[in-house]
C-alpha cells in the first residue's frame with residue numbers, strides 16, 4: 001500500500017474513532033496533496049507526498065514559533081498536535097550521531113577543508129541522507145564539522 005493510500009485509510013479510521021483533531025489534520029494534508037496532484041497533472045509519487053508532508057510540518061513549526069511569541073499557548077498546542085500527526089508519514093529519522101557520522105564520511109570523500117566548502121558538502125550529503133534528517137540540524141552539524 002502506497003503512502004497516499006495509507007493516509008486515506010488512517011483518515012477513515014480516525015473518522016470512525018471520532019478523533020477530531022487527527023481528522024482535521026489528515027483532511028488538511030489530503031487537500032494539500034490534491035492541490036499538488038492537480039498542479040502536477042498526475043498521481044504523486046511517495047517522494048512527492050513526503051515532500052508535501054515536510055512542507056506542512058515546516059509551516060506548522062514556523063507557526064508554533066510565532067504563536068509562542070504572541071503568547072497563544074492554545075494555538076501552540078494545536079499546531080504541535082498537527083506536527084505529531086504529520087510526522088507519522090515521514091521516513092524514520094536518523095539520530096544526531098548517525099547524521100554526524102555520514103557528514104564526516106562525506107567530508108572525507110569530498111576533501112572539504114573548511115567553511116568555504118560547505119556548499120560542496122551539503123550538495124553531496126543531501127542524497128546520502130535521503131530526507132531522513134532535519135535540514136537545520138544537518139546545516140548546524142556541517143558548520144561544526146567544517147570549523148565555522
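The values are calculated or read from the model by the stated rules, or taken from the named source; none is laboratory data. None of the values given here were measured: they were computed from a predicted structure. So basically every Cβ, Gly included, is an ideal-geometry build from the backbone, and we count neighbours across all protein chains shown.
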- Positions within segment 1-10 being in contact with a helix residue (DSSP H, G or I) (Cβ under 9 Å, 6 or more places away or on another chain) and either closer than 27 Å to residue 135 by Cα or surrounded by 17 or more Cβ atoms within 10 Å (Cβ to Cβ) (or both), in sequence order: 2, 3, 4, 7, 10
- Go through (1) touching a helix residue (DSSP H, G or I) at 6+ places or on another chain (Cβ under 6 Å); (2) closer than 30 Å to residue 21 by Cα and name the single condition residue 142 misses. (2)
- Subset of segment 28-49 [buried (at least 17 other Cβ atoms within 10 Å of the Cβ) and either over 15 Å from residue 85 (Cβ atoms) or not assigned by TED's automatic domain parsing to the domain that holds residue 81 (or both)]: 44, 48
- Message: Condition (residue is out of contact with any strand residue (DSSP E or B) (no Cβ under 7 Å at 6 or more places or on another chain) and farther than 30 Å from residue 19 by Cβ) applied to segment 48-65: is it met by at least one residue?
- Response: no
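Residues checked against (1) free of Cβ contacts under 8 Å to residues at least 40 places away in the same chain; (2) assigned to a helix (DSSP H, G or I); (3) out of contact with any helix residue (DSSP H, G or I) (no Cβ under 9 Å at 6 or more places or on another chain):
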site: 12; (1), (2), (3): yes, yes, yes
site: 36; (1), (2), (3): yes, yes, no
site: 39; (1), (2), (3): yes, yes, yes
site: 49; (1), (2), (3): no, yes, no
site: 55; (1), (2), (3): yes, yes, no
site: 63; (1), (2), (3): yes, yes, no
- Query: Quick one: residue 30 ticks every box in (1) more than 23 Å from residue 79 (Cβ to Cβ); (2) touching a helix residue (DSSP H, G or I) at 6+ places or on another chain (Cβ under 8 Å); (3) modelled with pLDDT of 90 or more bar one, so which box is it?
  - Reply: (1)
